[in-house]
Structures are given as structure tokens and as C-alpha cells.
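S.K.: This is the structure I want to talk about, given as C-alpha cells.
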Amino acid sequence: MDGACCGPGYASPAEAMQAPREKLLYTIALYVGTGLQKPDYVATIDADPESDTYSQVIGRCEMPGIGDELHHMGWNACSSCHGDEGMERRYLIVPGVRSSNIHILDTKLDPRNPSIHKVISGEEIKRKTNLSAPHTVHCLGSEIIISMLGDAQGNAPGGYLHLDKDFNIVGRWENSMGEIKFSYDFWYQPRHNVMVSSEWAAPNTFMPGFDLEEVGHLKYGREIHLWDFEKKEPKQTFYLGEDGLVPLEVRFHHDPASTHGFVGAALSANIIHWWKDGEDWRWEKIIDVANEPHPDWPIPVPGVISVILLSMDDKYLYLCNWLHGDIRQYDISDPHNPVMTGQVWMGGLLGKAPVVNGAKVTGGPQMIQLSLDGKRLYVTTSLFSTWDNQFYPEIRTNGGVMLQVDCDTENGGMSINPDFLVDFGKEPNGPSRCHETRYPGGDCTSDIWL
Amino acid sequence: MTTRTITLANRDGATYEVDGRQPLLKSLMDQSVDLPYGCEYGGCITCAGKLIEGEVNQAPQVALNNRQINNGYIILCVARPLTDCVLEVGVDSHDKLYRNPFLDPLEPHELKADIAAPAPITETPK
Ligand code: FES
């Protein structure tokens, strides 16, 4: 379980890296958009190579209703509560981005089969806060905040839902959204009193699918925002322009003293780096994934960076090009000068790796989660049901897959583990699509240190 | 109540009597038709179906672009039937709902209503 002292999590990122290996994974699986009238679920996957059921789905916690579109999730507590022995990392907070229902799963009673502890209905959230479309979950001490991408009618910019530790709605977390146009992901670094948030689009824009023309009509984001975390209001905006179209996943260094952070601009296929230089915050583009020619396309295919992630020691940055089909590993020891150290291919539109470990990969590498020690990267292939249906329509019948990549933490380098494959196309209720993953002991996108 | 008869062409032509003042999704689900849905306010496209015959008022919907509307799609969670209607419902009616946006771009008049250009004037044959 979590570290030795008092509360949940670990005293430091270095201590987290020494934690026991993950044996169970919790992964979102969807039926939304497939035509199967079944609820979305959280799959438990056996990740213990010593076990007879290694690399299989061993538990399925179904949501009470259909149509949620489970997407991202988070823990009720992380290392920010490490000093609080009254807290434990027990509840997984699993929002439905379409329904706005927020499900609280208890993972302690039976870790292999989490159960529904509570559901906060989307209807209650809309009524009390005028917010909808929950996305990123972070805990702050014993409280929880969730980025909400729209108002109750699905219009931007949304805001932040504040829950107490018993999952009651406190209200809206932010005091002001300032001039922010859209919401999506966020991460905070309390020692510097800063939070950074990114921009997707209004739910009414992105949920029905992606119309490229809407980018030109400014219906998609191209800015990131620095917040005064204590005042709960934005204080500075970086206009990223064409370099930063659709900035999605936000990652600060895990080191709580650092001011360096990164965001992946999905459509521009760039990585943007920010840091504090004296008293000023600055940003720069550090990675630019070139568009690739495609025999059937009139224009080259953009990478579409759907996710980025930092290893716990802040040495490596991983990114996925969902349309190209590759995962890349960069050494960011010098965050201004990343060096590419590894690359693997799975699925994608360029046809470089249509079959991996004997399974047809429909979709491309999409969500990733890294083990605390940095050695195992778990990858899933579905992005968002309506967008999947546009770019990879066969995913409806083939389902998604989960693969695992071995990462060399000393010299850099990546290779796909030939022994690990979870084919969600073979699920007992029919093909489903897999999305975000978390581990019971915390992972590389859940924990923040005060 | 104004009763309308709704025929589901891709559900063996099953027919349902519905209240014209209610959104179709609610009326049909109240009669145990199993349909996909998400937001229930007309913004997420999950519940889209195809109107084969008849007329609906779906003014509150914001999910469809004009290409999808021209292809007959309606948003069942907000659409109210103005006449008897024949529909196709569920994901098996979504053959033309999704398209690769890079391979098959929209014309300016095919965007969503709030940003669409006026439809081009087509010459009417004399
Ligand atoms: S349920 Fe979302 S548009 Fe109808």
C-alpha cells in the first residue's frame, strides 16, 4: 500500500519511486457510442506477472446508468495528505463527462472488485453549481476539486466543482474565471502558489465530434492560464496561438520546489514548457512533432498529442501521437532542450504497427500511466467516443486494447512487453473501449506534494 | 394532448403513440424503447436518430452541424414531433453522423448554425 508514515501517499517523489510494484490497475471501459446499451465500467486488471490471471480483466464495476462516458478519474487523497493520518487513499472518483454524474468507488472493501460507494448526480451538480462535464480530479489536502468543462447547458468556460472529503458538494471552487474562455486539465504547485489550467472547448463543441473548421472559428482553445492558487483566480494568460492549438494535458514537475511544467498542444502536436524566470513566468515550445504524409490524405496527418506524462523523477517526458500511432520518450533533464530517447508504435493511421502482440490495434496510443518506479508504461487506445468514431470507426466492433511498454530508466529507450495484452474487443458483454488507468498505490499523474 | 404516431423503421417498424409536446427520447423511453443518451439537453449528439419521414421541432439542439441536419439527423432528447414520423434510432442510424474531418471537410454553410455561412443560392432550373 502507500508509504510508511501516517497518511496516504509518500513523503517525496523519491520515496514514491521505492514503493512496491503495482499489482492491480483500474481502467475506464466504455460502451458509450458502441451501440451496446450497457453501462460504462471500471475494469480491474491483474498486473502481477506471478499471477495466473496476469494481463486479464478480473473485475468489472458497472456504473448504475448508461451514457456516462467515463473519461478521467482521480483519488480522494494523495501525497498532499501524507501527514494526515485521518485520511486514506481509498475512494476513486470517476466522473461521466456526458452525464455529469460523479461516481465514488470504494476500492478498499475488495480491491479486485471496487463497488459504488456514492453517486453525485449530474442533475444535482447542475442545479447547485450551474456546471457540467466533469474532467480532471485533484485533491487538495482533504478537499477535492474537479474541472468542469461547461455550464449546465454545455457552454464554455465552465469552472471548478469543490467537494468536501465526504463527497458533498461545497459549491464552486474558483472565485473568478477571469477572461478564461475554456476549461480542461489543471495541475497545481502549492509552494509557488500557482495552478496552471488548459483549454479544450465547450462541451457543446467537442462532444458531438471534431469539426476542424471550428478551430478557425475560435471554438477550440489556444491559451493556458496561471492562477493565484490561494486567491482561486487566474492571474496571467499565455496566448500560445498556432503553436498551442488545443492545449490538453498539464503536468508540473513532481518536485514541489520546481516551477517547470509542460502542456501538450494536441492539434499543433507541440510540447509547450513554462517556468518561472526570476519574478516572471515564461513559456517556450520545446517539441514540435512534424505532420506526416498519408497516401489517401490531401493534407499531412498531424500527430494529435492526446496525452503527456512525466516520470516521478522528472527525468522523462512521454507523449502519445494518437493519429500517428507512436509513443515517444524524451529526456528532459534540461527542460529547455529535450532529447528523444525512445519510440514505439501501435495502431495509428500511418500503418506502422497495425498488429501488436497478435492483436489488431484499432485507435492509437492515447492514455498512458507510468509505474511509480518509471519502468512500466500502460497504454490504452480510445480517446473519446465521438472522436474515435470519426478517426477509427472500426473501434466500434473491434474495441480498444491495453498494452504495456517497458521503459529503460537508465539509458532511455522503450520496448513493448510481448507478454502483456488486454484485448477489450473480447469483453464478455461485447467490445468496449479502454481509457484512463490508475493504481491503488498512486501513480505518476495523481500525487502532488505540498 | 396532440398524439403523434412514431414508427421506428430499424426496430421492425414498431409504432408508438406519443405526446407531441414531449421530446421524443422521453416519450419513447417511457414506452420502454432502449435508446442511447448522454447529456439530455441537446448538446452531446449521443441520442441522435434519423428522420426518414415527418417533421420535428428541434430548435434547442446545439450538437448537429448543418451537414448532419441535411442528412436527416435529429436530436431525440429535445426534438418534438410536429407530425407523425418515421425514424431510425440508435447507433445503427449513425452511418453518416461521423466523418473524418481532415478527409471530408465541411463547406462554410455546413458548419453549426451559429457559425455557418448562408447557404449558397442554387440556380432553380427554369
Ligand atoms: S442526450 Fe445529449 S444530445 Fe441528446
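The values are calculated or read from the model by the stated rules, or taken from the named source; none is laboratory data. Bear in mind the structure is a predicted one, so any value in this text is a computation, not a measurement. Heads up, the Cβs are rebuilt from the backbone with ideal geometry, glycines too, and the neighbour counts pull from every protein chain shown. Surface areas here come from the heavy atoms of the whole protein model, side chains and all, with no ligands, DNA or RNA. Shrake-Rupley method; radii C 1.70, N 1.55, O 1.52, S 1.80 Å.
S.K.: Quick one: count up the residues across the range A:416-426 that are touching a residue at least 40 places away in the same chain (Cβ under 8 Å) and either open to solvent by 20 Å² or more (accessible area, probe 1.4 Å) or within 15 Å of the chain's Cα centre (by Cα) (or both).
M.R.: Result for the range A:416-426: 6.
S.K.: What is the one condition in (1) more than 25 Å from A:Gly261 (Cα to Cα); (2) touching a strand residue (DSSP E or B) at 6+ places or on another chain (Cβ under 6 Å) that A:Leu377 does not satisfy?
M.R.: Here A:Leu377 clears every test but (1).
S.K.: Also, I was wondering about something else. Considering only residues that are touching a strand residue (DSSP E or B) at 6+ places or on another chain (Cβ under 8 Å) and among the acidic types (Asp, Glu), look in the range A:49-71 and name the one that is most open to solvent (accessible area, probe 1.4 Å).
M.R.: Only one residue tops the list, namely A:Glu62.
S.K.: Given the criterion assigned to a strand (DSSP E or B), without any contact (Cβ under 8 Å) to a residue 24 or more places away in the chain and not small (Gly, Ala, Ser), identify the matching residue among A:His162, A:His135.
M.R.: A:His162
S.K.: For residues that are outside any loop (DSSP other than H, G, I, E, B) and open to solvent by less than 20 Å² (accessible area, probe 1.4 Å), tally how many sit in the range A:77-92. Break it down stepwise before answering.
M.R.: Initially, the range A:77-92 is screened for residues outside any loop (DSSP other than H, G, I, E, B), giving A:79-81, A:91-92.
Cutting the leftovers down to open to solvent by less than 20 Å² (accessible area, probe 1.4 Å) gives us A:79-81, A:92.
The number of residues fulfilling the criteria is 4.
Residue-by-condition table, conditions (1) modelled with pLDDT under 95; (2) more than 8 Å from every other protein chain (Cβ to nearest Cβ); (3) under 21 Å from A:Val97 (Cα atoms):
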| residue | (1), (2), (3) |
| --- | --- |
| B:Leu8 | no, yes, no |
| B:Gly13 | no, yes, no |
| B:Glu17 | no, yes, no |
| B:Leu25 | no, yes, yes |
| B:Gln31 | no, yes, no |
| B:Cys39 | yes, no, yes |
| B:Thr46 | no, no, yes |
| B:Lys50 | no, yes, no |
| B:Ala59 | no, yes, no |
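S.K.: Looking for whichever is on the phi > 0 side of the Ramachandran plot and in contact (Cβ under 8 Å) with a residue 40 or more places away in the chain here; the options are A:Glu69, A:Glu85. Which one fits?
M.R.: On the way: A:Glu85 fails: on the phi > 0 side of the Ramachandran plot.
Exactly one of A:Glu69, A:Glu85 is on the phi > 0 side of the Ramachandran plot and in contact (Cβ under 8 Å) with a residue 40 or more places away in the chain, namely A:Glu69.
S.K.: Which residue, of B:Leu64, B:Leu25, B:Leu51, B:Leu35, is within 16 Å of the ligand (Cβ to nearest atom), assigned to a strand (DSSP E or B) and crowded, with 17+ Cβ neighbours inside 10 Å? Walk me through how you get there before you give the answer.
M.R.: Numbers: B:Leu64 fails: assigned to a strand (DSSP E or B); B:Leu25 fails: assigned to a strand (DSSP E or B); B:Leu35 fails: assigned to a strand (DSSP E or B).
After applying the criteria, what remains is B:Leu51.
Per-residue answers, yes or no, for (1) in a strand (DSSP E or B); (2) open to solvent by 20 Å² or more (accessible area, probe 1.4 Å); (3) at pLDDT 95 or above:
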residue	(1), (2), (3)
A:Asp243	no, yes, yes
A:Asp255	no, yes, yes
A:Gly264	yes, no, yes
A:Ile287	yes, no, yes
A:Asp296	no, yes, no
A:Val307	yes, no, yes
A:Asp313	no, yes, yes
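S.K.: When you scan the range A:379-398, do you find a residue that is away from every other protein chain (no Cβ under 14 Å) and hydrophobic (A, V, I, L, M, F, W, C), even just one?
M.R.: Scanning the range A:379-398, I find at least one residue that is away from every other protein chain (no Cβ under 14 Å) and hydrophobic (A, V, I, L, M, F, W, C), so the answer is yes.
S.K.: Next question, about the same structure. Cβ-Cβ below 7 Å, separation at least six or inter-chain, first residue in the range A:30-52 and more than 18 Å from B:Val91 (Cβ to Cβ), second open to solvent by less than 40 Å² (accessible area, probe 1.4 Å) and among the charged types (D, E, K, R): which pairs?
M.R.: A:Ala47/A:Glu22
S.K.: Any chance you could count how many residues in the range A:209-239 are closer than 19 Å to A:Gly264 by Cβ, in a loop (DSSP other than H, G, I, E, B) and under 21 Å from the mean Cα position of the chain (by Cα)?
M.R.: 3
S.K.: Restricted to the range B:75-95, and to residues that are over 12 Å from the mean Cα position of the chain (by Cα) and either farther than 20 Å from B:Ala14 by Cβ or within 14 Å of the ligand (Cβ to nearest atom) (or both), which residue is nearest to the other protein chains (Cβ to nearest Cβ)? Break it down stepwise before answering.
M.R.: So the first thing to find is which residues in the range B:75-95 are over 12 Å from the mean Cα position of the chain (by Cα), and the list is B:82-84, B:91-92, B:95.
Still in the list and also either farther than 20 Å from B:Ala14 by Cβ or within 14 Å of the ligand (Cβ to nearest atom) (or both): B:82, B:91, B:95.
On the way: B:Leu82: 23, B:Val91: 3, B:Asp95: 10 Å.
By that ranking, first place goes to B:Val91.
S.K.: Continuing with this model, one more query. If I ask for residues that are open to solvent by 30 Å² or more (accessible area, probe 1.4 Å), part of a strand (DSSP E or B) and within 19 Å of B:Asn57 (Cβ to Cβ), which ones from the range B:3-22 would you list?
M.R.: If the condition is that a residue be open to solvent by 30 Å² or more (accessible area, probe 1.4 Å), part of a strand (DSSP E or B) and within 19 Å of B:Asn57 (Cβ to Cβ), then B:Thr3, B:Arg4, B:Thr5, B:Thr7, B:Tyr16, B:Glu17 are the ones that fit.
S.K.: Just to be sure, is B:Glu40 open to solvent by 10 Å² or more (accessible area, probe 1.4 Å), within 13 Å of the ligand (Cβ to nearest atom) and among the acidic types (Asp, Glu)?
M.R.: Working: open to solvent by 10 Å² or more (accessible area, probe 1.4 Å): yes; within 13 Å of the ligand (Cβ to nearest atom): yes; among the acidic types (Asp, Glu): yes.
Against the criterion (open to solvent by 10 Å² or more (accessible area, probe 1.4 Å), within 13 Å of the ligand (Cβ to nearest atom) and among the acidic types (Asp, Glu)), B:Glu40 qualifies.
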